[in-house]
Every structure is written in C-alpha cells, then in structure tokens.
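The values are calculated or read from the model by the stated rules, or taken from the named source; none is laboratory data. On a predicted model such as this, the values are computed, not experimentally measured, just so you know. Reconstructed Cβ throughout: ideal geometry from the backbone, glycine too, with neighbour counts over all protein chains shown.
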C-alpha cells in the first residue's frame, strides 16, 4: 500500500554545487555551529549553495527545551573564547555581504550570554566593515541592561521570534513568554533598532490569533515579519497539526502588508533568516 502524501507538504531541495561544498568546508574547518544544521532548516541547500549561512554562537546545547526545536538541550559546555574571531574570519572567507547570527539560550550564564554576543558582533564589524549583520537573539529575560549590550554595538537588524500565537506559547516554547518577547522587541525599537520577528504555522493556531500576533508586533513597532510552516524536525518534537497551503501564506502576506509591515516573508519553507539580506 502506498503512503499517502499530503499535497500541501513542502518539498525540500537536495544540497548540491561548488558553493555549497565550499560553505560546508568552511563551517567544518572552523568547527562552527549553524542553525542551518542544528535546526534541520529546509533551506540549507538553497542558502549554502548561495554561500550564506546563519551562525549559531555559544555552543550547540541549549538550556531550554522548546517543543518545536531540534537543538540539543542540556548542560552547555564552556564558551569558546576564540569563537568571535572564528566567525569573523569565516564571514571574510565566505565573502558575505550580510550575515546572520543566532545562539542557543544560555540561562546558565550570569548575563545570559549578552556580553559574548556583543563581542561577536563587534569583532565581525571590525574585520568586515562592509558586511551588514542581523542578530536573532534570545529574550535575555527582557533585562534592559542585557539588551543594552546588543543595542550598543548596533547590528543592522535585531530579530526575536514570537514563534507562535499567545494561546499556544506555554505549550510550544520552554521558558519564553509571549508578553516578555513583545517587551524585548518594544525596548529594542524604542532605542532605534530595526526589529524583526517570526511565527510558525501548523501548530493548531487560528486565523484571528495569527492576525493578533501581527497587531501585537506592529504595536511595538516591529515592521518585519516571517511566516512559515512548522515541520517536525525529529520524532521527539511536537507533531504537525496541519500543512498550510501556499494560497493561505500569500493571503497572510497581503494582510500583513496592508496592516503596515515593511517586509513580509510568507511561505511554507520560510524561516527567520530566509532572504535576510533584503531586510536591512
């Protein structure tokens, strides 16, 4: 008996090409972590073939255990004090005009990793002055003194994902809180930072709840949003409730633009850093 395929389930591209191999070799040679691999991103083939990558700092073990995420959870290892230089050098070798940095949550560190974050950004800026930077940051418990360290080094875009609608947040995310994430984005925007956020669909959310997320983001002056399909990365992660049609993703994009978002990426394979260079 043939397995029934959901016609709305997105098709993932197979990696290939010289640039893909070059990017992979740089990541391996410098022992770098990428959310492309750790997060089982469906766009890995496209992005690595194009020579772009989202670096993940502060190790590959997270102190939180969000049910949608395939990044390992546990007690993190000591931070790599050479990581900033490694990434800055890799950005140069890849000849990146734009780079994206994210990290695991490091609730085990006194400053949640904010100081390390600031050093990585500053090092990239120093060695690659023509490269723009997007940072996809944790919530840092919404502590202003920690967020100030990110604000001080002025990355071009700071992203922090809502991930899902308010009702599903306690079930889907670990320690994160919906309203706290909004506070993070609000404080960043109030201090002159261009902010960005993203949500996943297919977890049981309702249409009006999605629209409420959009309104909440606009109310904290977040004008860039990504909307993508949740794909269960491993059998241990929460299951997909439904696959969303591309027509509905297009409908949401049009609604978001009408509401006042400046940039909207909406589609089944859209992820936070997809086409990030366009959002600067």
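Looking only at the range 49-95, how many residues end up being over 19 Å from residue 137 (Cβ atoms), out of contact with any helix residue (DSSP H, G or I) (no Cβ under 8 Å at 6 or more places or on another chain) and touching a residue at least 12 places away in the same chain (Cβ under 8 Å)?
Matching residues across the range 49-95 total 5.
Which of the residues spanning the range 45-59 are part of a loop (DSSP other than H, G, I, E, B), at pLDDT below 85 and in contact with a strand residue (DSSP E or B) (Cβ under 8 Å, 6 or more places away or on another chain)?
52, 53 - these are the residues of the range 45-59 that are part of a loop (DSSP other than H, G, I, E, B), at pLDDT below 85 and in contact with a strand residue (DSSP E or B) (Cβ under 8 Å, 6 or more places away or on another chain).
Going by what's in this entry, would residue 99 be described as surrounded by 15 or more Cβ atoms within 10 Å (Cβ to Cβ) and over 20 Å from residue 150 (Cβ atoms)?
Considered against the rule, which asks whether it is surrounded by 15 or more Cβ atoms within 10 Å (Cβ to Cβ) and over 20 Å from residue 150 (Cβ atoms), residue 99 comes out as no.
Look at the range 225-259 and say how many of its residues are surrounded by 14 or more Cβ atoms within 10 Å (Cβ to Cβ) and part of a loop (DSSP other than H, G, I, E, B).
10
Would you check if residue 219 is surrounded by fewer than 16 Cβ atoms within 10 Å (Cβ to Cβ), closer than 26 Å to residue 144 by Cβ and either touching a strand residue (DSSP E or B) at 6+ places or on another chain (Cβ under 7 Å) or modelled with pLDDT of 95 or more (or both)?
yes
Of all residues in the range 195-224, how many are touching a residue at least 60 places away in the same chain (Cβ under 8 Å) and either in a helix (DSSP H, G or I) or farther than 16 Å from residue 264 by Cβ (or both)?
Taking the range 195-224 as the starting set, the residues that turn out to be touching a residue at least 60 places away in the same chain (Cβ under 8 Å) are 196, 198, 200, 203, 224.
Then keep just the ones that are either in a helix (DSSP H, G or I) or farther than 16 Å from residue 264 by Cβ (or both); that gives 203.
So the count comes out to 1.
Which helices (runs of 4 or more DSSP H) does the range 60-165 wholly contain that include 2 or more residues that are over 17 Å from residue 193 (Cα atoms)? It would help to see each step written out before you state the result.
Values: elements: 83-93, 114-127, 144-153.
Qualifying helices (runs of 4 or more DSSP H): 83-93, 114-127.
All but one of (1) surrounded by fewer than 20 Cβ atoms within 10 Å (Cβ to Cβ); (2) in contact (Cβ under 8 Å) with a residue 40 or more places away in the chain; (3) closer than 20 Å to residue 102 by Cβ hold for residue 192; state the number of the condition that does not hold.
The number of the failed condition is (3).
Taking into account only those residues within the range 133-166 that are in contact with a helix residue (DSSP H, G or I) (Cβ under 6 Å, 6 or more places away or on another chain) and farther than 21 Å from residue 115 by Cα, which is surrounded by the fewest Cβ atoms within 10 Å (Cβ to Cβ)?
166
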